[in-house]
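To start, the structure itself, in structure tokens.
The values are calculated or read from the model by the stated rules, or taken from the named source; none is laboratory data. All figures in this text were calculated on a predicted structure; none of them were measured in a lab. Heads up, the Cβs are rebuilt from the backbone with ideal geometry, glycines too, and the neighbour counts pull from every protein chain shown.
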Amino acid sequence: MISTTTTLHRDLARPLPVPAVLELLRDEVGLTERAIARAVGVTDRTVRRWNVGGPITTDNVERLDDLKTLVTQLASLGLSPPTIVAWLHGRNPFLQDRRPLDVLASGDFDAASGAVSALRDGSYA
């Protein structure tokens, strides 16, 4: 795993091909293929195909980018990779106790990003 969240934030903030995004999310952040698949709304097998350059729809590119953006936002707050993974899997009071991964899977990036903003601002309701 990467040693600093600053490096993680920098690496995730730049444009990357899909296999490189998956590698960063998996190897540097610590997300499993199952968690990535869950957030994007596909199967683990589909994510494995993307890892080797398999085709990906525009909708799935956008959902993967949403996950990458959310992780980038969390890293910019200084959260460590294990804390980012825990936050994505944990029930969130700002999301009415839904898990951020499930909110992303439902296509509601704005709500998930709002939860990051609430974390940043310390304004959990």
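Figures for the structure shown
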item: Answer residue from the range 66-80, given it is outside any loop (DSSP other than H, G, I, E, B) and hydroxyl-bearing (Ser, Thr, Tyr) and is farthest from Gly107 (Cα to Cα) among those; result: Ser76
item: Single residue of Leu16, Leu77, Leu70, Leu8 found to be at pLDDT 95 or above and of a type outside the set (Phe, Trp, Tyr); result: Leu70
item: Residue list for the range 86-102, restricted to those being surrounded by 19 or more Cβ atoms within 10 Å (Cβ to Cβ), within 19 Å of Arg34 (Cβ to Cβ) and touching a strand residue (DSSP E or B) at 6+ places or on another chain (Cβ under 8 Å); result: Pro100
item: Qualifying residue in the range 44-55 (condition: among the basic types (Lys, Arg), surrounded by fewer than 13 Cβ atoms within 10 Å (Cβ to Cβ) and within 13 Å of the chain's Cα centre (by Cα)); result: no
item: Matching option when the condition is modelled with pLDDT of 95 or more and closer than 24 Å to Ser123 by Cβ, among Arg34, Arg38, Arg98, Arg45; result: Arg98
item: Considering residues of the range 106-125 that are touching a helix residue (DSSP H, G or I) at 6+ places or on another chain (Cβ under 6 Å) and either of a type in the set (Ser, Thr, Tyr) or under 19 Å from Leu25 (Cα atoms) (or both) only, the residue surrounded by the fewest Cβ atoms within 10 Å (Cβ to Cβ); result: Tyr124
item: Filter result for Thr83 (surrounded by fewer than 18 Cβ atoms within 10 Å (Cβ to Cβ), modelled with pLDDT of 95 or more and either among the charged types (D, E, K, R) or assigned to a helix (DSSP H, G or I) (or both)); result: yes
item: Of all residues making up the range 28-85, the number that are more than 17 Å from Ala112 (Cβ to Cβ), in contact (Cβ under 8 Å) with a residue 40 or more places away in the chain and not β-branched (Val, Ile, Thr); result: 6
item: Filter result for the condition that a residue is in a helix (DSSP H, G or I) and either more than 24 Å from Ala111 (Cβ to Cβ) or among the aliphatic types (A, V, I, L, M) (or both), over Arg63, Arg49; result: Arg49
item: Condition check for Ala75: touching a His at 6+ places or on another chain (Cβ under 9 Å), among the aliphatic types (A, V, I, L, M) and farther than 24 Å from Val42 by Cα; result: yes
